[in-house]
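In what follows, a single structure is set out as structure tokens and then discussed.
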Amino acid sequence: MGNKRITYGLVGYGLEGWAHTLELKIAPLLRGRTKLITGFDPDPKYQEKLSKHKNVKVAQSFEDLLDTPDLDAIIVCSPPQFHADQVIAGLEAGKHVYSEVPMALNAKEIEMIIDAEEKSGKKYQLGENYAFFSEVLYAGNLISSEKIGPGVYAESEYLHDVTYRWRQGKMGGPDTPRVDSWYSMMEPMEYAHTIGPAQVALGGIKSPMPFIEAKSYINSNGGYEGNPICRPSGSFQVALFRTETNAIAKCANAFVIAREPTRMMIQVIGRTGSYECYKIGRPGRLFLADGHEITQLRHRKGRIKRVGKFELSKRVPLRLGTYHGAKPRIMDDWLSAIEKDLTPALNAKVAANMCMAGICAAKSAHQNSPVSIPVYNSKR
């Protein structure tokens, strides 16, 4: 596209939509590459906020947004139940699409997005920015470069209390009136933020490792007196996944949990070493085994190295921006794909492997048995 700025429309102007406009405007990696020309949100409050953007059309409907002249791309920040329809319509209208998680709510919608991406020739990117944390990219690089050998095990957690989503005024205790939230439409593992990072840790960002089987458990123990405010969805979920190489991943997600601050972690173990970071943004630890020798203390012989920001930067360039630089990275990947006619890292088939793993994990938990996960061929 040369030096032409990518014009985009924003679908939904809540917290995420506002954050995207700010990031694209001020992040050093993204600044000057895009131009917001239209936005749509059905809420009059957000329409008024959109109207404060100079030279930005406030669309009266999603269709009106797509009809905006000279529109190159859209960023979908609407509630999850609208993602599939809006993504498909955007691709069919010849627009590049960046969609917030989750990709879709069922297999049929996922397959329709894949089909629309293939037919349109446009660039779809799933906004699983947690897969772009420095620590996750570092873990994936260790495996893909065989620095610690083929992957054996990965672990990721996203333990985030989102009780405020169900509280009037977004605060208060059990006596505060409950309000509906789109979180109720899915179980914790379907929301994402653990599956994507685990697949990247086991395969690298260029070839995230799909899962082929899930065995999962959900409980509601995190709710007040055992009655989760997030009903009918559960409050806490853990899943074990298996890959076609027989590596295993453990992922844990929470909607309601008595823990502060939010816990985001990644761990990967290969045949010849391991890397673990028990809090994203804090130093981790790399262990490189020295062959198969055992010391007198009956520990594997090798070297342990502290992995802070400096060590991370040797493999993953540091970036300024939100989510420890993950958001500028994933957006840069999408914009670069548009500008240079490349394939985004989290294109529809890669995204499908992440999204279907969550859907199948929820099914496994409810029927209390392992569930096979379809794999979408993501080879470029």
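Computed from the coordinates by the stated procedures, all read-outs in this text should not be read as laboratory data. A quick note: this is a predicted structure, and the numbers were derived from the prediction, not measured. Cβ atoms come from the backbone with ideal geometry, glycine included; neighbour counts cover every protein chain shown.
Cα axis of helix 15-26 to longest principal axis of the chain: angle in degrees, 0 to 90, nearest 10? Long axis of 15-26 versus the principal axis of the chain: about 90 degrees. Computed from the Cα positions only, the extents of the stretch 6-129 along the three principal axes stand at 38, 32, 27 Å, in decreasing order.
Simple point charges give the picture: +1 on the Cβ of Lys and Arg, -1 on the Cβ of Asp and Glu, and for the stretch 316-380 a dipole about the Cα centre of about 120 debye.
The residue 15 and residue 178 beta-carbon pair, evaluated with R₀ = 25 Å, returns a calculated FRET efficiency of approximately 0.80.
The slack in the chain from residue 146 to residue 108, taken as 0.36 nm per residue of separation less the alpha-carbon distance, amounts to 10.0 nm. Spin-label model, residue 60/residue 271: points 7 Å from Cα along the beta carbon direction are separated by 6.5 nm. Going by neighbour counts of Cβ atoms within 10 Å, the residues 23, 63 line up, fewest first, as 63, 23.
Using 1/(1 + (r/R0)^6) with R0 = 41 angstrom and r between the beta carbons of residue 293 and residue 372, what's the FRET efficiency to the nearest 0.05? Could the numbers behind the result be given before it?
Working: r = 40 Å, r/R0 = 0.97.
Calculated value: 0.55.
Using bins of 5 Å that start at zero, the share of Cα-Cα pairs per bin across the stretch 158-259 amounts to 2, 13, 21, 20, 14, 11, 8, 5, 3, 1, in whole %.
Using C-alpha pairs below 8 Å separated by at least 6 residues, the relative contact order for the stretch 17-170 is 13 percent. Our compactness index for the chain, the C-alpha radius of gyration over the empirical 2.2 N^0.38 Å, is 1.00. The string of couplings for the stretch 80-89 from the Karplus curve (6.51, -1.76, 1.60, θ = phi - 60°) is x, 5, 9, 4, 4, 4, 6, 5, 4, 5 Hz, one whole number per residue in order, with x for Gly and Pro.
In which sequence would 244, 111, 155 go, from the one with the fewest C-beta neighbours within 10 Å to the one with the most? Numbers along the way, then the final one.
Numbers: 244 11, 111 16, 155 20.
By the 10 Å Cβ count, ascending, the order reads 244, 111, 155.
Beta bridges per DSSP, both residues in the chain: antiparallel share near 60 percent. Amide H to amide H, with H built 1.01 Å from N, residue 373 comes under 5 Å of 213, 214, counting only residues 5 or more places away or on other chains. In this structure, the amide hydrogen of residue 6, modeled 1.01 Å from its nitrogen in the peptide plane, lies closer than 5 angstrom to those of 34, 35, counting only residues at least 5 positions away or on a different chain.
Go ahead and collect, in residue order, the members of the stretch 58-93 whose backbone nitrogen is under 16 Å from a label point 7 Å along the Cα-Cβ direction of residue 119. Hits in the stretch 58-93 for residue 119 at 16 Å: 84-93.
Want the number for residue 224 to residue 47: 0.36 nm per residue separation, take away the alpha-carbon distance, what's left?
Working: separation 177, 0.36 × 177 = 63.72 nm, distance 3.61 nm.
Between residue 224 and residue 47, full extension yields 60.1 nm more.
The ranking of 329, 231, 242 from fewest to most other beta carbons within 10 Å of each one's beta carbon is 231, 242, 329. Taking only the Cα atoms of the stretch 116-208, the radius of gyration and Dmax are 18.0, 54 Å. Pairs from the table (122/340; 108/363; 314/349) lying more than 20 angstrom apart at Cα are 314/349.
Cross-link reach is defined here as a Cα-Cα straight distance under 22 Å, omitting same-chain residues fewer than 8 places apart; for residue 301 the lysines meeting it are 147.
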